[in-house]
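Structure first, commentary second.
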Amino acid sequence: MIPFSPNLLSDLQAILQYQFMQHAFEAGTVIAIVAGIIGYFVVLRRSSFAAHALSEIGFAGAAGSVLIGINPIFGLLSFSTISGAGIAVLGKRATNRDVEIGSVLAFALGLGVLFISLYAGYATEAYSILFGEILGISSSNVIITLVLSLLILIAIALIYRPLLFASLDEEVAEAKGVRILLLGVIFMLLLAAAVSIAVQVVGVLLIFALMVTPAATAVRLTKKPKYAVLISVLIALFATWTGLFISFYAPYPVSFFVTAIVFITYLVVRFVRPTR
Amino acid sequence: MGTHEEIVGAQDLTVGYTSKPVWQNASFSVNRGEFVAVIGPNGAGKTTMFRLLLGLQQPISGIINIFGAKPRRGNPNIGYIPQRHTIDNETNIACEELVRLAYSGNKLGFSLSPREEKKLASDTLAVVGATELANRSLGSLSGGELQRIFLAEALVSNPEVLLLDEPLSNLDIKRIKDLVGLMNTVVKSRNVTAFLVAHDINPLIQFLDKVIYIANGKVATGTPEEVLTSRRLTALYGTHVEVLRDSRGNIVVVGAEDYHGDQP
């Protein structure tokens, strides 16, 4: 392992000579962009509990995939998208879904525990699904992450205005012809896909770190939605890159550094700008 | 006062659920430029009337027309202020952004003419006297300021009809007076037809061309002088109701206090 030097650029060049670090930076970068953007709408729509639930429900799918020997990302994706669509269709308004979501997520977590216990070598697999393992990301998962991210970004660009409008003033948006239910289902599907790829960096339990905290920080800093989205992405990118960089030299998990950086950023902004 | 060009017309209109109509057999006509108050107890079906005109709900029977055709969803010729809003004091988004969304938020992709939209939004904010609020956060506004922004939101697409669902509730008397005055100016200067749902008719009464009074599953319409009489309201409620007037023209309806609109 190359030792740390004060020249950060040469450190970065040295780090990127390792293929696993290249993969981590590639996947981490697109995930941070997607999470930062989707996160803005999660915060605006007060859907952070749904985001958290989708990732924990995805845990059951991931654990099931490990059990039957397929790539966990497929289990994560299928469980979270199905439940995401279900949440959007069943619950009338995002803010009133706590009980339904909570009941489903508790059952899904229980199911995940069962799958993990049925799988002989469970400890490491379970650990990486729960807390993330970006340093072990395979090249095929980098490709899957890139493709999914691209699809999510195209979809968000298409529905950006109706989604923003419906998130801000649902009744007027509906009167102006926005299909609220359809839009809600599309958003939950995109959220489910974003959660599924973000789990690779921070794990199902720490999904807030990329999907909520950067956006929650950004909305305190600007009243313009497009700047808030940009700032949210920048915070997520900064945390992911810095987390990867530090973890190369320190023997601690990337997810700890990512969560710590976004949390400190949030605290600083909250402290400096307590009122808006 | 409106012209005789009919903007909204209803014949034998029955709405609600097939097993439980909210109100039935209503016929009325509203002309261009008229300022109409929609009055009645809670649960009487005032918002239902707006949902019909917005094309969000279909009648059980009868005919309703707006601009000479069946209501359709997403009609840019209708500006709407709903009773409920998702916005609260945590919403840190500039007012101007909301007004812009009301103009183009139903379109896919990004705006191709952001400058024109920005100008349109600030011009509309000027109409409602809210220029200084353009860059303020929605969450930081008072009730009266918010209603001005909602009015700008409703006006930005330059509609011919305004549907205003209880914009005066939760405002103090001075702000109610200011807002009603502003709404009347907008209605008269732009020759738009406005429907306003309110609990208290008194702040509006001097500006009104028509009243649509909904109670007890029935609808009474006409000028305020025609509808707000003891005889008409007694017939409407099906119980003795007295309409009293003070020297300044304010009215009090006595006898309908115990009535609840959600009762059959």
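Taking the conditions exactly as written (within 30 Å of A:V219 (Cα to Cα) and without any contact (Cβ under 8 Å) to a residue 60 or more places away in the chain), does B:S142 satisfy them or not? So B:S142 fits the description; yes.
Against the numbered list (1) touching a residue at least 40 places away in the same chain (Cβ under 8 Å); (2) at the interface with chain A (Cβ under 8 Å from one of its Cβ atoms), B:L155 comes up short only at (2).
Scanning the range A:108-143 for residues that are aliphatic (A, V, I, L, M), surrounded by fewer than 19 Cβ atoms within 10 Å (Cβ to Cβ) and not in a helix (DSSP H, G or I) turns up just one, A:A120. The range B:30-128 holds strands (runs of 3 or more DSSP E) entirely within its bounds, and those carrying 2 or more residues that are away from chain A (no Cβ under 14 Å), over 30 Å from A:T217 (Cβ atoms) and not small (G, A, S) map to B:35-39, B:61-66.
Of the residues in the range B:204-213, not one is over 18 Å from B:F35 (Cα atoms) and in a strand (DSSP E or B).
Each row is one residue, and each column tells you yes or no for (1) among the hydrophobic types (A, V, I, L, M, F, W, C); (2) closer than 29 Å to B:L204 by Cα; (3) surrounded by 16 or more Cβ atoms within 10 Å (Cβ to Cβ).
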site	(1), (2), (3)
B:N75	no, yes, yes
B:H85	no, yes, yes
B:E117	no, no, yes
B:L125	yes, yes, yes
B:S157	no, yes, yes
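In this structure, B:A134 does satisfy being small (G, A, S), farther than 28 Å from B:G45 by Cβ and either assigned by TED's automatic domain parsing to the domain that holds B:L208 or in contact with a helix residue (DSSP H, G or I) (Cβ under 7 Å, 6 or more places away or on another chain) (or both).
Regarding B:A26, is this residue buried (at least 20 other Cβ atoms within 10 Å of the Cβ), part of a strand (DSSP E or B) and over 13 Å from the mean Cα position of the chain (by Cα)? For B:A26, the condition - buried (at least 20 other Cβ atoms within 10 Å of the Cβ), part of a strand (DSSP E or B) and over 13 Å from the mean Cα position of the chain (by Cα) - is met. One residue stands out among those in the range A:206-222 that are in a loop (DSSP other than H, G, I, E, B) and in contact (Cβ under 8 Å) with a residue 40 or more places away in the chain: the one that is farthest from the other protein chains (Cβ to nearest Cβ), which is A:I207. Can you tell me which residue in the range A:170-181 is nearest to the other protein chains (Cβ to nearest Cβ), limited to those that are of a type outside the set (A, V, I, L, M, F, W, C) and either part of a helix (DSSP H, G or I) or within 15 Å of A:S47 (Cα to Cα) (or both)? Checked the range A:170-181; the qualifying residue nearest to the other protein chains (Cβ to nearest Cβ) is A:E171. Out of all the residues in the range B:203-245, which are of a type in the set (V, I, T) and under 25 Å from B:L164 (Cα atoms)? Once the filter is applied, which keeps residues that are of a type in the set (V, I, T) and under 25 Å from B:L164 (Cα atoms), the range B:203-245 yields B:I205, B:V211, B:I212, B:I214, B:V219, B:T221, B:T223, B:V227, B:T229.
Return yes when A:I101 is modelled with pLDDT under 85, over 22 Å from A:Y127 (Cα atoms), β-branched (V, I, T) and in contact with a Phe, Trp or Tyr (Cβ under 8 Å, 6 or more places away or on another chain) and no when it is not. The answer is yes for A:I101. Of everything listed in (1) modelled with pLDDT of 95 or more; (2) more than 8 Å from every other protein chain (Cβ to nearest Cβ), the single unmet condition for B:G144 is (1).
Every residue, every condition in (1) not assigned by TED's automatic domain parsing to the domain that holds B:P21; (2) not β-branched (V, I, T), yes or no:
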| position | (1), (2) |
| --- | --- |
| B:A152 | yes, yes |
| B:L168 | no, yes |
| B:I176 | no, no |
| B:G181 | no, yes |
| B:V187 | no, no |
| B:R190 | no, yes |
| B:N202 | no, yes |
| B:I212 | no, no |
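Checking each residue in the range B:27-86 for being within 12 Å of B:D165 (Cβ to Cβ) and of a type in the set (D, E, K, R) picks out B:K46, B:R51, B:R84.
All of (1) part of a helix (DSSP H, G or I); (2) out of contact with any helix residue (DSSP H, G or I) (no Cβ under 6 Å at 6 or more places or on another chain); (3) at pLDDT 90 or above; (4) not acidic (D, E) hold for A:Q17 with one exception: (1).
The values are calculated or read from the model by the stated rules, or taken from the named source; none is laboratory data. Quick caveat, the model's predicted, so the values are computed rather than measured. So basically every Cβ, Gly included, is an ideal-geometry build from the backbone, and we count neighbours across all protein chains shown.
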